[in-house]
Amino acid sequence: MRLVFAGTPDTALPALTALLGSSHEVAAVVTRPDRPAGRGRRLSPSPVAALAAEAGVEVLRPAKARDPEFLDRLRDIAPDCCPVVAYGALLPPEALGIPRHGWVNLHFSLLPAWRGAAPVQRAILHGDDVTGAATFQIEEGLDTGPVYGVLTEPIQPTDTSGELLGRLAVAGASLLLETMNGIEAGVLEPRQQPSEGVSHAAKLTPEDGHVDWKSPALHIDRLVRACTPAPGAWTNFRDTRVKLGPVRPAPGSDKLSPGEILPGKNEVLVGTATHPVALGEVQPQGKRRMAAADWVRGVNLIGKDALH
């Protein structure tokens, strides 16, 4: 088939790579406009734009997917289907009607669970044991379209959202290619999503990453892993922000007050509403990431110093 691929971040690269290496023709990619990046804040292309340019594929960067120039160019290309992975913008009805097989999204959840922007983060935060990916036909509703195919992936007890998303991106690339092959062969018929089991995955904000030490240790562990690497988990120490890497629940340790810090030879424990957690890496404001034990030695704890 003649394809136009839509995607923006690193997460979309395995799928684009698989399609570029397939029997299908990737005639163009659609991605978000270049953005300032780095210390110089120079405009930089998205990861998808960079890979497409390297492969000699036309790159379309509409400010909005309803821009007339973009829609005219899409009609000129006349794609059979438009596969989508983490494009990052809504598609208007005018765009949805152009490819004869529509737009097919690779979404990182087992639909109808976790429709929305942050399915992997919400699955970890919620304590799900299993997640997965689904390919579905995009319609005007938010991730409500009929499903072509699914795969499942267990969530490991130490998974961060970055690690889990990385695995799903690779496995999902094969699922998306299989879906394109099935559509081309006329053997795939999408099935409507069930009306039960619907949940919504709102994007996590930086404020969501603020750890409340009055929460149970299990919740704090999930929150930090869900926020790693983005938007990032953090706490306050002496009124300055400290970024947190994943923590480890320490149920056999003595109980501490919420936020109370107990340094040890090789670990640093912090109290929660239940049992303590052991800090992993931390990053004080304006400094590099370091082991929590090194950080504690450098701050010289006094009196009732605590995290909050």
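Things to note:
- Within segment 278-308, being free of Cβ contacts under 8 Å to residues at least 24 places away in the same chain and among the aliphatic types (A, V, I, L, M) holds for Met290, Ala291, Ile302.
- Selected residue [modelled with pLDDT of 95 or more and over 19 Å from Arg2 (Cα atoms)] from Ala65, Ala50, Ala27: Ala50
- Annotation: of all residues in segment 240-277 being within 17 Å of Ser215 (Cα to Cα) and among the basic types (Lys, Arg), the one that is most open to solvent (accessible area, probe 1.4 Å) is Lys255.
- Where strands (runs of 3 or more DSSP E) sit wholly within segment 1-74, those with at least 1 residues that are surrounded by 14 or more Cβ atoms within 10 Å (Cβ to Cβ), in contact with a helix residue (DSSP H, G or I) (Cβ under 7 Å, 6 or more places away or on another chain) and touching a residue at least 60 places away in the same chain (Cβ under 8 Å) occupy 2-7.
- Test for Pro79: is it open to solvent by less than 40 Å² (accessible area, probe 1.4 Å) and within 24 Å of the chain's Cα centre (by Cα): no
- On the stretch given as segment 208-239, residues that are surrounded by fewer than 21 Cβ atoms within 10 Å (Cβ to Cβ), aliphatic (A, V, I, L, M) and in contact with a strand residue (DSSP E or B) (Cβ under 9 Å, 6 or more places away or on another chain) total 1.
Table: residues versus (1) among the aliphatic types (A, V, I, L, M); (2) part of a loop (DSSP other than H, G, I, E, B).
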{"site": "Asp208", "(1), (2)": "no, no"}
{"site": "Trp234", "(1), (2)": "no, no"}
{"site": "Ser253", "(1), (2)": "no, yes"}
{"site": "Leu262", "(1), (2)": "yes, no"}
{"site": "Asn266", "(1), (2)": "no, yes"}
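- Just one of the numbered conditions (1) open to solvent by 50 Å² or more (accessible area, probe 1.4 Å); (2) out of contact with any Phe, Trp or Tyr (no Cβ under 9 Å at 6 or more places or on another chain); (3) not hydrophobic (A, V, I, L, M, F, W, C) is not true of Gly116: (1).
- Count of residues meeting criterion [under 18 Å from the mean Cα position of the chain (by Cα) and either buried (at least 19 other Cβ atoms within 10 Å of the Cβ) or not small (Gly, Ala, Ser) (or both)] in segment 158-193: 15
The values are calculated or read from the model by the stated rules, or taken from the named source; none is laboratory data. Computed from a predicted structure; not experimentally measured. Cβ coordinates were reconstructed from backbone atoms using ideal geometry, including for glycine residues, and neighbour counts include every protein chain displayed. Heads up: the accessible areas ignore ligands, DNA and RNA and are worked out on the full protein's heavy atoms, side chains in. Shrake-Rupley method; radii C 1.70, N 1.55, O 1.52, S 1.80 Å.
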